[in-house]
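Only one structure is covered here, and it is reproduced in the block below.
The values are calculated or read from the model by the stated rules, or taken from the named source; none is laboratory data. Note that this is a predicted model, so its numbers are computed, not measured. Glycine gets a Cβ as well: all are built from the backbone with ideal geometry, and neighbour counts include every protein chain shown.
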Amino acid sequence: MNSREPFDLLRIREETFIRNISFHHEVESTNTLALELIARGQPPTPLLVITDCQTAGRGRGSNRWWSTEGALTFSVVVDTDGLNPAHVCQASLTTGLAICQALERFAPTRDFAIKWPNDVFLEGRKVGGILLERSSVVEDRLVIGIGVNVNNSMREAPADVMPWATSLADCLGTKFDRTLVLIECLHQLERRIDELRRAEASLLDQWRAYCLLSGRKVTIDMFGTQISGTCQGIDEQGALLVRDGKKTHRCVGGIVREFS
Ligand code: BTN
């Protein structure tokens, strides 16, 4: 399998809920482009913005996202109908869940997990990241940015990425058809986002089942306040629960600085 195999865009449109595709060999960031497309007009949704390679991929906060050929790098623009904008953690966890469940189809014996709130882990290393953004121009659009290391190898990764990340190919020792991986990601995303719109209670059980941090010692930086304790899982709103000596903190946002 060639890691630079082109995407089969026709098949993606025919077999998934995507109705509109914007493909580019190289862009700065698919999320940035998706936000620009929304601002320029109202592209029909669900819209898929996909690229072979990003030159300025973005992560949460000031993080960068290394995205090279062989990776799966895309953004899906959906309507916000039924999605509560206050509960961005829920949408992020639900996307993470969809990606775990999609990747499991290709590596059924491997261990996938969501590292709250927006990372996908494979066998203890980060294999994917999620960046949710809302347009400041058109309120009822949500951009779901997803990066998955598929056929790209950590041997080519920058020094700050290499030690803690992995790819499907590195872990499984084989290359994958990125069109098939993408189609499965989109199938799972459609299903899980529908469940979120319907506020299905089963989602909470699924977030919890995939929560990497449950039972571990964690330190969270929540808007400048450091919270350290044992992770007690996730609540109905998607907040991370962290128990220190005195109380259980609900972390509704923030960055996981350490976990063990
Ligand atoms: C993170 O790890 O903090 C999130 C990474 C999100 C990366 C994806 S790749 C597609 C989309 N475009 C971006 O610039 N970022 C997201």
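For the structure I just gave you, tell me whether G215 is touching a His at 6+ places or on another chain (Cβ under 8 Å), modelled with pLDDT of 95 or more and either surrounded by fewer than 20 Cβ atoms within 10 Å (Cβ to Cβ) or among the aromatic types (F, W, Y) (or both). Step through it out loud before you land on a result.
On the way: touching a His at 6+ places or on another chain (Cβ under 8 Å): no; modelled with pLDDT of 95 or more: yes; either surrounded by fewer than 20 Cβ atoms within 10 Å (Cβ to Cβ) or among the aromatic types (F, W, Y) (or both): yes.
No; evaluated as a whole, the condition is false for this residue.
Out of all the residues in segment 152-162, is one or more assigned to a strand (DSSP E or B), of a type in the set (A, V, I, L, M) and under 21 Å from T30 (Cα atoms)? Looking for residues that are assigned to a strand (DSSP E or B), of a type in the set (A, V, I, L, M) and under 21 Å from T30 (Cα atoms), one finds none in segment 152-162, hence no.
Of the strands (runs of 3 or more DSSP E) entirely within segment 1-116, those holding at least 1 residues that are under 24 Å from T174 (Cβ atoms) and among the polar types (S, T, N, Q) occupy 47-54, 72-79.
The selection criterion, being touching a Cys at 6+ places or on another chain (Cβ under 6 Å) and of a type outside the set (G, A, S), does not hold for L93.
Only a single item in (1) basic (K, R); (2) touching a helix residue (DSSP H, G or I) at 6+ places or on another chain (Cβ under 9 Å); (3) more than 9 Å from the ligand (Cβ to nearest atom) is not met by R58, and it is number (3).
When E184, E200 are checked against the criterion of being closer than 24 Å to F106 by Cα and either without any contact (Cβ under 8 Å) to a residue 12 or more places away in the chain or in a helix (DSSP H, G or I) (or both), E184 stands alone in meeting it.
Does segment 91-107 contain at least one residue that is surrounded by fewer than 20 Cβ atoms within 10 Å (Cβ to Cβ), modelled with pLDDT under 95 and either over 19 Å from L186 (Cβ atoms) or touching a helix residue (DSSP H, G or I) at 6+ places or on another chain (Cβ under 9 Å) (or both)? There is no residue in segment 91-107 that is surrounded by fewer than 20 Cβ atoms within 10 Å (Cβ to Cβ), modelled with pLDDT under 95 and either over 19 Å from L186 (Cβ atoms) or touching a helix residue (DSSP H, G or I) at 6+ places or on another chain (Cβ under 9 Å) (or both). Whether a residue is near the ligand (Cβ under 10 Å from one of its atoms) and either crowded, with 19+ Cβ neighbours inside 10 Å or not polar (S, T, N, Q) (or both) was assessed, and L131 passes this test.
Can you say whether Q206 is touching a Leu at 6+ places or on another chain (Cβ under 7 Å) and free of Cβ contacts under 8 Å to residues at least 24 places away in the same chain, as far as the supplied structure shows? Answer is no for this residue.
Among the residues of segment 226-260, the one identified as touching a Pro at 6+ places or on another chain (Cβ under 8 Å) and either assigned to a strand (DSSP E or B) or of a type in the set (K, R) (or both) is L240.
Within segment 114-126, can you find the residues that are aliphatic (A, V, I, L, M) and away from the ligand (no atom under 11 Å from the Cβ)? It would help to see each step written out before you state the result.
Taking segment 114-126 first, the residues aliphatic (A, V, I, L, M) are 114, 120, 122.
I114, L122, listed by residue number.
The residue list T32, T16 contains one member that is under 22 Å from L132 (Cβ atoms), at pLDDT 95 or above and within 16 Å of the ligand (Cβ to nearest atom), which is T32. Entry remark, segment 50-71: residues being surrounded by fewer than 24 Cβ atoms within 10 Å (Cβ to Cβ) and of a type in the set (A, V, I, L, M) number 2 in total. For L83, the requirement of being farther than 15 Å from G128 by Cα, more than 11 Å from the ligand (Cβ to nearest atom) and of a type in the set (A, V, I, L, M, F, W, C) is met.
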